[in-house]
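The structure appears right after this line, and notes come after that.
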């Protein structure tokens, strides 16, 4: 199958599944009879979309025989991992609502590399230490992506409840306490992975270059994001932070982390036109 058709197939699967959830979960009288978590057919449908998306990510990363990784591939990989983790997590927890945000974003992300192809080759991609560092970093990014989407849903729900009017789109979500518990579970795991990312980055730099980690913009934003999420977790455990305060910290930390690589590569590749 030509590469562009695989991208289009994955996007179509995501969008059609999103339309299905809109009809069966988010619109009309079905709200009076809320369904449970994903059905077997829906899991298979989503797994097929994830598989097609994964093939596009593999082709973009390794299709030339070298490892290419630009901002568009980074976003596609982040959303692919996030949706994959959502698929796994949905076996254990109700995650209603994330479909309506995550599936359209995944559809857009799978098409981005066709619009902004990357020529940026990663050095030392054959190193096992680098591969471990890369995998942990992308898992951290994807979990923080899920946490950010979750925080947006919670923020919209909380504001609607304060106004005394809950829109149809939010009426079928789990209780806020349940959503908050899931949010902080995601943040705890993602924070541990981000910590490993920074530590492995230090060891990777020492092993290959014989010098400490360089304090460039990518490192500075990654450390700043780590500080923000660390402060959020400390505030949660010591001061009981919750509600809008915790949600704002989550979104600020995620946007800061996004600037660490995706933002800088976007400026280099798109704004400045420097793909390598």
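The values are calculated or read from the model by the stated rules, or taken from the named source; none is laboratory data. Note that the structure is predicted; figures quoted are calculated from it, not measured. FYI the Cβ positions are ideal-geometry reconstructions off the backbone, even for glycines, and counts take in every protein chain you see.
Please go through the range 136-153 and give me each residue that is farther than 18 Å from residue 76 by Cβ and more than 9 Å from the chain's Cα centre (by Cα), ordered by number. Before you say what the answer is, go through the steps one by one.
Filtering the range 136-153 down to residues farther than 18 Å from residue 76 by Cβ leaves 136, 147, 150-153.
Of everything in the range 136-153, those that are farther than 18 Å from residue 76 by Cβ and more than 9 Å from the chain's Cα centre (by Cα) turn out to be 136, 150, 151, 152, 153.
Conditions: (1) over 19 Å from residue 130 (Cβ atoms); (2) touching a helix residue (DSSP H, G or I) at 6+ places or on another chain (Cβ under 7 Å); (3) at pLDDT below 85. Residue 201 meets all but one. Number of the miss?
Going through (1) over 19 Å from residue 130 (Cβ atoms); (2) touching a helix residue (DSSP H, G or I) at 6+ places or on another chain (Cβ under 7 Å); (3) at pLDDT below 85 one by one, residue 201 breaks only (1).
Within the range 125-144, identify whether any single residue is crowded, with 20+ Cβ neighbours inside 10 Å, touching a helix residue (DSSP H, G or I) at 6+ places or on another chain (Cβ under 7 Å), at pLDDT 80 or above and under 20 Å from residue 13 (Cβ atoms), and answer yes or no.
yes
Any idea how many residues of the range 222-242 are surrounded by 13 or more Cβ atoms within 10 Å (Cβ to Cβ) and either part of a helix (DSSP H, G or I) or not assigned by TED's automatic domain parsing to the domain that holds residue 202 (or both)?
Restricting attention to the range 222-242, the residues satisfying the condition of being surrounded by 13 or more Cβ atoms within 10 Å (Cβ to Cβ) are 222-226, 228-233, 235-236, 241-242.
Restricting the remaining residues to those that are either part of a helix (DSSP H, G or I) or not assigned by TED's automatic domain parsing to the domain that holds residue 202 (or both) gives 222-226, 228-233, 235-236.
The qualifying residues number 13.
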